[in-house]
Structure formats: C-alpha cells, structure tokens
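Following: one structure in structure tokens, then a few remarks.
Laboratory data are not the source of any read-out in this text; all were calculated from the coordinates shown. Fair warning: this is a prediction, and the values are worked out from it, not measured in the lab. Cβ sites come from the backbone with ideal geometry, for glycine too, and all protein chains shown count toward neighbours.
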Amino acid sequence: MNDPVASLPSSAVSNPTAALQRRVRVVMVETSHPGNVGSAARAMKTMGLGDLVLVAPKLPDALTHPNAVALASGAADVLARARVVTSLQEALADTSFAVAFTARRRELSHPIVALREAVGLALRQAMEVRDLPVALVFGNEAMCLSNEDVDRCQLSATIPSNPEYASLNVSQSVQVAAYEVMMQAGAFAVRDHPQRPAATAAEVEHFLRHLEAAAVDCGFLAPNSPKKFMTRMQRLFARARLEPEEVAIFRGLLAALQSPRPHNRPNSTLE
C-alpha cells in the first residue's frame, strides 16, 4: 500500500502533535467531478493531510483526469498516493473510527454533532488507538451519503452554516474539515515575528520637548497658554509605542521645519 505519510510536510511528520494528521483519512464516496477530487487533494495537503481514498468514483480516471491534476495545484503527490476502492466497507476496513458528513437529518441514524465536536472525538480516538487511522467520510455532489454509508460510520457530523443556504461543495467541505483537524492537532502554529524594540522613555521625552519647542517656534503654541497640548501629545505617542527609528524621523522632520531652507531644497531621502 502506498504510504500517505510520505506526502505530508516534514513539519507535520516531526511534530508529535501534528503526527495525529497521519492517522486521519479522507474518504470521498462516488464523486462525480474529478475537479472536486483535485481540489480536495489540494485542501488536504494545505492542512497537512495525505491519506485520500475514493470509493467508486463516477469516472475511473478520477485521480489522473486533467481537471483533477489541474485543481490539485501542487498536490499531485496526494493524488498519486490515493487509492480507489469499490466500497465504503473496503475504505474503512482498517479504521478504528469514522465520521460521516451529512447536511440532512435521517431517521434511525446516529445523532448529528457539529464539525468541531466530531473532529475532537476523532482525534481523541486516533490518540487512543495509535496503529489505526480514523476516517472523515464525504458523499458525492448530488446525493450525499446513503443511509447505509452513514450506518457504517460511528458518528454523523455537519458543518454549521447558513440555514437559508447550507450548500457547500464537497471539496469545500473537505477544506473546512481539514482545517479543523489542523487546528485541533496544533500542527502549524503561526510563527512569532521578533518584537521590534520600542523607543526608551528618555528618547520619547526628548522628542516631546523638541515637538513643543517647534510648536512654539512656528507660532502654533503659545508658551504662556499651552492648555493641554503637551498632555494630549504625551497620550498620543504613548499609545503609538514609537520605535527608535520613528523618533529619529520625527526629530529630523522637526529640525528641518525649524531651519530656514531655500524653496528649491531637495526632496526627502526617506524610503
């Protein structure tokens, strides 16, 4: 069997928490449009998933169809490692837990839970039974999953959406579900940008004194009646959290304004 883990980003394999993703399988049942297969592969790879199984797709070349390859857009490796099987029973044979995604209520079926709860339960199962994958099962574009398919799963889930227009394309549903898996697995944390140094209190104070002097020199501020000008300036620049370079720019500007220059002086060299 092809190893779906090989298609994962290296960070997802090396990160113990993100390794949960290796045990999450996406199963697409009787998909009609190869483009949705390609879009789903792209959605999966973006979120660190790599195990895709198609159950009886309408077109036998669904994984290699030009529309699938085009819409995979860089996730052709996920398509190359994907499997095609003839039944959902075969797709789930080696899994320990399966979630059926459906937008409609059914009689004599599992209770339907929201996506977030469903993914949490699936990942918990993946952590408890480490050698077996869990599956997220999606129906086709027109008929969704059959009652028989839903009954083969341990849980039914729905993606909360606008009740007046709850119409998600199947590949969009895969994207939303894969994103929730990524978030709950803690796979790809946003990198912190190094915090830029703030100007010191002394630098800001010198700048404010310079600003006050410039305001007096140009006649904007009456030294004998400053009112609350400087108080407001102090509050303003305290909120701004100036950086040293910004203080230097402001002071350079004030110095230029205080110094008489000819009208044809060169433009600023600031970039």
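Below, the figures for the structure above:
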| item | result |
| --- | --- |
| Sequence of LYS45, LYS228 once ranked by neighbouring C-beta atoms within 10 Å, starting from the fewest | LYS228, LYS45 |
| Cross-link reach list, aspartates and glutamates versus LYS58, counting only Cα pairs under 20 Å and skipping chain neighbours closer than eight places | GLU30, GLU90, GLU141, GLU148, ASP149 |
| Gap separating the Cα centres of the stretch 194-214 and the stretch 25-89, nearest whole Å | 58 Å |
| Fluctuation leader among ASN147, ASN36, ASN224 - the chain, Gaussian network, Cα springs under 10 angstrom | ASN224 |
| Difference of contour (0.36 nm per residue) and Cα-Cα distance, ASN224 to VAL85 | 41.3 nm |
| The chain, relative contact order [Cα under 8 Å, separation at least 6], % | 20 percent |
| Radius ratio Rg over Rh of the stretch 120-267, counting only Cα atoms, Kirkwood formula for Rh | 1.39 |
| 18 Å Cα-Cα reach of LYS227 towards aspartates and glutamates, excluding residues that sit fewer than 8 places from it in its own chain | GLU212, ASP217 |
| Residue order, fewest to most surrounding Cβ atoms within 10 angstrom, among TYR165, TYR179 | TYR165, TYR179 |
| Efficiency of FRET from Cβ geometry, TYR179 and GLU243, R₀ 25 Å, rounded to 0.05 | 0.10 |
| Within-10-Å neighbourhood charge of SER32 [Cβ basis; K, R +1; D, E -1] | -1 |
| Cut-off 13 Å between beta-carbons: net charge of the residues surrounding LEU54, Lys and Arg +1, Asp and Glu -1 | 0 |
| Listed candidates [x] 41, 25, 16; [y] 61, 21, 19; [z] 36, 20, 15 - label of the one calculated as semi-axes √(5λ) of the Cα gyration tensor in Å | [y] |
| Bridge type composition, the stretch 4-185 - antiparallel percent by DSSP, nearest 5 | 5 percent |
